[in-house]
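Trainee: Okay, here's the structure, questions in a sec.
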Amino acid sequence: MCPGHHCSAIVLCNFTVLYWLDGSSRMHQPWRRSKAGFTLLEVLVSLVLLSLIMSVSLSALFTLNQSSKRINQTSSSLDEMRLVSAFIREKLTLAHFPRGNASFFQSSLPLAGESDSLVLLSVMRAHQDQGGLHVMRFRMTQDEGLVFEWLPYVPQRVEVDWVYANSLSLLPEIDGFQIFYEDEDGQVSSQWRHLEKLPTYITVLIEQSKRDWPAIRVRVLGAYG
């Protein structure tokens, strides 16, 4: 090989090495720039993902809040049903005859029952009022729903003046209130007008649009002496 050709080969090799080094430098420049910061596309993608995460989180919190409200409402509704049912059961179970021959209201009946109202003599516990025997009335009204009224029992009193009675709205919103009376033979009626005896069972039906009430069927202990 001639000296001229040898020099040309050396120059060509040197040029190739320099070109390769320059190309490698250019290839690594974008990678070094990407390490210095984020591109606009990366920022946009991150914002979209963040907004999706926030949306899902807010939706989950809203659903949890609504579920908690529904649970509280259901719990309050069940508590009200339980308390009202227990109160009615207690008063009907403890129905009494008047003492001796004294009557406590004009009709002289120990219990006067209609399809939507009931007057009876029963027991109030000490923590509920003064305690002892009271004349009581359950009835349905347009303004106050299911109302419970009571007065202390006075043997000498012939007629009850409900104007002076204590009053409590058991269920302010009510669509229907029915009472059925059953005697010892199993005969059921929507009225009770017997002077000498109490019904064996009393069934109370309450209707409300927002919830279903089970029938309240009570055995009257006073009917058995």
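The values are calculated or read from the model by the stated rules, or taken from the named source; none is laboratory data. Only a predicted model underlies this, so the values are computations on that prediction, with no experimental measurement involved. No Cβ is skipped: glycine too gets one built from the backbone with ideal geometry, and neighbour counts run over all protein chains shown.
Trainee: For residues that are aromatic (Phe, Trp, Tyr) and part of a strand (DSSP E or B), scanning just the stretch 192-225, find the one that is nearest to Ser85 (Cα to Cα). Before you say what the answer is, go through the steps one by one.
Mentor: Taking the stretch 192-225 as the starting set, the residues that turn out to be aromatic (Phe, Trp, Tyr) are 192, 201, 213, 224.
Imposing the further condition that a residue be part of a strand (DSSP E or B) reduces the set to 192, 201.
Values: Trp192: 21, Tyr201: 15 Å.
Among those residues, the one meeting the criterion is Tyr201.
Trainee: With Ala36, Ala60 as the choices, which residue is modelled with pLDDT of 50 or more, loosely packed, with under 10 Cβ neighbours inside 10 Å and over 30 Å from Trp150 (Cβ atoms)? Spell out how you get there, then give the answer.
Mentor: Details: Ala60 fails: loosely packed, with under 10 Cβ neighbours inside 10 Å.
Matching residue, one of Ala36, Ala60: Ala36.
Trainee: Here is a further query. For Leu83, indicate whether it is modelled with pLDDT of 85 or more, in a helix (DSSP H, G or I) and surrounded by 10 or more Cβ atoms within 10 Å (Cβ to Cβ). Talk me through it step by step, then tell me what you get.
Mentor: Values: modelled with pLDDT of 85 or more: yes; in a helix (DSSP H, G or I): yes; surrounded by 10 or more Cβ atoms within 10 Å (Cβ to Cβ): yes.
Yes, satisfied.
Trainee: Now a separate question. Consider the stretch 153-165. How many of its residues are within 19 Å of Asp143 (Cβ to Cβ) and either surrounded by 13 or more Cβ atoms within 10 Å (Cβ to Cβ) or among the basic types (Lys, Arg) (or both)?
Mentor: Looking only at that region, the number is 2.
Trainee: Among the residues of the stretch 192-205, which ones are more than 30 Å from Arg70 (Cα to Cα), free of Cβ contacts under 8 Å to residues at least 60 places away in the same chain and touching a strand residue (DSSP E or B) at 6+ places or on another chain (Cβ under 7 Å)?
Mentor: The answer is Thr200, Tyr201, Thr203.
Trainee: Name the single residue that is surrounded by the most Cβ atoms within 10 Å (Cβ to Cβ) among those in the stretch 206-217 being closer than 16 Å to Glu90 by Cα and free of Cβ contacts under 8 Å to residues at least 60 places away in the same chain.
Mentor: We begin by selecting, within the stretch 206-217, every residue closer than 16 Å to Glu90 by Cα; these are 215-217.
Filter once more, keeping what is free of Cβ contacts under 8 Å to residues at least 60 places away in the same chain: 215, 217.
Numbers: Ala215: 11, Arg217: 14.
Only one residue fits best here, namely Arg217.
Trainee: I've got another one for you. Within the stretch 177-191, work out how many residues are without any contact (Cβ under 8 Å) to a residue 24 or more places away in the chain and either outside any loop (DSSP other than H, G, I, E, B) or touching a Ser or Thr at 6+ places or on another chain (Cβ under 7 Å) (or both).
Mentor: Filtering the stretch 177-191 down to residues without any contact (Cβ under 8 Å) to a residue 24 or more places away in the chain leaves 182-183, 185-189.
Imposing the further condition that a residue be either outside any loop (DSSP other than H, G, I, E, B) or touching a Ser or Thr at 6+ places or on another chain (Cβ under 7 Å) (or both) reduces the set to 182-183, 188-189.
Of the residues in the stretch 177-191, 4 are without any contact (Cβ under 8 Å) to a residue 24 or more places away in the chain and either outside any loop (DSSP other than H, G, I, E, B) or touching a Ser or Thr at 6+ places or on another chain (Cβ under 7 Å) (or both).
Trainee: Go through Lys91, Lys69 for me and flag whichever is in a helix (DSSP H, G or I), at pLDDT 85 or above and charged (D, E, K, R). Before the answer, list the steps.
Mentor: Numbers: Lys69 fails: at pLDDT 85 or above.
Among Lys91, Lys69, only Lys91 is in a helix (DSSP H, G or I), at pLDDT 85 or above and charged (D, E, K, R).
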